[in-house]
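Quick notes on the structure that follows.
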Amino acid sequence: MSQSNQFPQHGRLKLRPSDQARQRQRELKLGMYRESMEALLGGAPPQQVLSLTGSVLAANPDVGTCWNRRRRALLTLGGDWLQDELSFVGGCLGVNPKSYGAWHHRAWLLGRSAAPPAGREDRALCERLLGADPRNFHAWEHRRALVAQDDPEAELAFAGSLLSRDFSNFSAWHHRLRLLRPGPGGRGEPLSPDRMRQELELVQNAVFTDPTDQSAWVYLRCILSRATPPPRIICVYVNREDATLAVVFSRPVVVSPDRPDLRATLDGSALEGAWRSGEGRPRPSHTWLLDLPRPADATPTQRPRLQLGVTWVPDSAHHEVTLPPDEDEAWWQEPIVARELFWPEVGVADAQVLQEEVSTCRQLLELEPRSRGCLLTLALLLSVLDPPGHAQEARRHLRSLQEADPLRLGFVADVASRLEAALGVLGLGAGPGPLWLRLPNKGLTSLPLLERMVLVTHLDLSGNLLRTLPPNLGALRRLQELDLSRNQLSDLGGFPPLPRLERLSLHGNPIGHAPTLAPLASCPRLAHLGLAETPLSSAPDGPAHLQKLLPLVDIAWS
């Protein structure tokens, strides 16, 4: 016997079948499988179906056709087959613990009985399978279905026992969250104060045991959060000169004729017309626009007073804006809540709870200064409690996080960008005159919260790291001047038609082709475009080509 056909196992020599023997075994199994499937599909009687499917599924529980045929046969035969069938499925799960078909069949069996007799046995089965593989999500989901109406405290104790053995058991954390916070993703109603403190104590034990493991940190951020708030109207802006009504939402929504959830009135009468996206494309958008009827030319004293109303049907919210005869624009804007800018899902209203978690994180950080979960959580908590007051500390922790987690530099940079954007929004005024927002040299890799910048007239984003423009840039209906110089933009693919934009600076961006600036032709008031130190300025036909695209724009090449 050749050396390749033998190998030792536990001190004993185990013989491996030759290649020819294994080939004969495979052919034999394949032949039996084909014969069984031909008989099944040929209309075998129910009793024979059970026999045939039993032989196939015992070897391969992933044949969905066999499970379907088996269910039909069981219903046709009738009788008391539940317990035997549960035992059969248990054997199939021994072959493949993650068989979708086997788990679906077991759930179907339990659903056939008003009082399933195997609840205790199934919990034991799940516990045994989870002992072998804690990440078997089929077993977790099955167990959750079993205990949906049982005493949750017993199941919490089960999850706690698993965590006491291994705090890195992410599935056990998730199971616990789903029990405490039922709903999509385990983010339903906030926890009671007593339960919250119990969970925070459990998390504290976990993170001080292993500060580098991310499971407990993710769980902590989840129990401090609530479900993502539904979209709502946060700003209504009307401009008489543009004859446009703009409605800005907290989250992207879809508005279409077959989904008339957004309604507008003018002086009490319904406004007809089709809403269009502020992004210029028919997809979910923060901003939706509606054309207003254009009256005949009149002097300011002759212009009518306009009363506009907007209703968002899903939450019955109604907002009104009055445009006096001597004004060209008017708006309503929701008051800004600082904590919603940086961590909008945070659901804990008790600031003392958040402050205690800040103290815990700071203590741990002294022991483990490179704990990624601690650095991120602390930056979030500080930005929720007092963004301006804790800005420097939050920035420091995010810089440390970038050093500690080089594989997620982009994610951390986007988190830092949100912090800077939030700080800028909190510093905005709301007066009728020019409104400046200055965010130069902030290291921005993205530009979030544009929906909160609707009233900005001058926006300075120079010296950042922007590679693309955000799709909801169209929310800036009042924007007159935009400075994007010294970023990393190579094209303006997401540039919307900004109705009041007059000056745009693109100095020092790697723009090398004139056609990439074609979207600027949709900005009717654009009068000045800065393109110094761009590859386009030195291209042989770049200036001439661009001048044809934008004939009325003064282009600065130096």
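Compared with the direct C-alpha span, the chain from Ala518 to Ala338 gains 61.0 nm at full extension, assuming 0.36 nm per residue. In the context of the full protein assembly, Glu153 retains an accessible surface of approximately 100 Å², using a probe radius of 1.4 Å and ignoring ligands and nucleic acids.
Site pair Leu407 and Gln48 shows an inter-label distance of 5.5 nm when each label is modelled 7 Å from Cα along Cα→Cβ.
What FRET efficiency comes out for Ala21 versus Asp62 if R0 is 25 angstrom and r is the Cβ-Cβ distance? Round to the nearest 0.05.
Values: r = 25 Å, r/R0 = 1.01.
Efficiency, rounded to the nearest 0.05: 0.50.
Site pair Ala351 and Ala124 shows an inter-label distance of 5.5 nm when each label is modelled 7 Å from Cα along Cα→Cβ. For region 198-351, the solvent-accessible area works out to 48 Å² per residue, with a probe of 1.4 Å and every protein chain left in place. When only alpha carbons are used to place a centre, region 31-93 and region 370-403 end up 58 Å from one another.
Put +1 on the Cβ of each Lys and Arg and -1 on the Cβ of each Asp and Glu in the chain; which of Thr212, Pro543, Ile336 then has its Cα farthest toward the positive end of the dipole? Result: Thr212, furthest along the dipole toward the positive end.
Sorting 325-333, 268-276 by average packing, meaning the other beta carbons within 10 Å per residue, from highest down gives 325-333, 268-276.
Rolling a 1.4 Å sphere over the protein heavy atoms, what is the accessible area per residue of region 465-558, to the nearest Å²? Can you show the working numbers first?
Details: 4020 Å² over 94 residues.
I get 43 Å² per residue for this part.
For the peptides 305-318, 205-218, the ranking by packing is 205-218, 305-318, with the highest mean count of neighbouring Cβ atoms within 10 Å listed first.
Among Leu419, Leu245, Ser161, flag the residue with its Cα farthest along the positive direction of the charge dipole of the chain, charges on Cβ as +1 for Lys/Arg and -1 for Asp/Glu. The listed residue farthest towards the positive side: Ser161.
Give me the tail of P(r) for region 348-399 as a percent: Cα-Cα pairs with distance above 12 Å. Don't jump to the answer; show the numbers that get you there.
Numbers: 795 of 1326 pairs.
Result: 60 percent of Cα pairs exceed 12 Å.
Label sites at Arg281 and Gln488, each approximated as a point 7 angstrom past Cα along Cα to Cβ, lie 2.1 nm apart. Compared with the direct C-alpha span, the chain from Thr468 to Asp414 gains 18.1 nm at full extension, assuming 0.36 nm per residue.
For the chain, the Cβ-based charge dipole about the Cα centre amounts to some 1940 debye (Lys, Arg positive; Asp, Glu negative; other atoms uncharged). Packing here is the average count of other Cβ atoms within 10 Å per residue, and on that basis the peptides 537-544, 235-242, 74-81, highest first, run 235-242, 537-544, 74-81. Using the empirical formula 2.2 N^0.38 Å as the baseline, the Cα radius of gyration of the chain reaches a ratio of 1.31. Counting only alpha carbon atoms, the long axis of helix 82-95 and the longest principal axis of the chain meet at about 70°. In the chain, the longest principal axis of the Cα atoms and the axis of helix 152-165 are about 90 degrees apart.
Which percent of the accessible area of the chain is formed by carbon and sulfur heavy atoms (probe 1.4 angstrom)? With neighbouring chains kept in place, the figure for the chain is 52 percent. Legend: calculated FRET efficiency, Leu41 to Glu153, from the Cβ-Cβ distance at R0 = 60 Å, rounded to 0.05, equals 0.75.
Taking a label point 7 Å from the Cα of Glu533 along the Cα→Cβ vector, which residues of region 435-471 have an amide N closer than 16 Å to it? Taking a point 7 Å out along Cα→Cβ of Glu533, the residues of region 435-471 whose backbone N falls under 16 Å are 440-443, 461-466.
For the pair Asp326 and Arg165 in one chain, pulling the backbone fully straight at 0.36 nm per residue adds 50.8 nm over the alpha carbon distance.
Using Cβ point charges alone (K and R +1, D and E -1), the dipole size of region 444-494 about the Cα centre works out to roughly 100 debye. Relative to the dominant Cα principal axis of the chain, helix 137-146 is inclined by about 80°.
The values are calculated or read from the model by the stated rules, or taken from the named source; none is laboratory data. Computed from a predicted model, the values in this text were never measured in an experiment. Note: ideal-geometry Cβ built from the backbone for every residue, glycine included; neighbour counts use all protein chains shown. These accessible areas exclude ligands, DNA and RNA; they are computed on the full protein's heavy atoms, side chains included. Shrake-Rupley method; radii C 1.70, N 1.55, O 1.52, S 1.80 Å.
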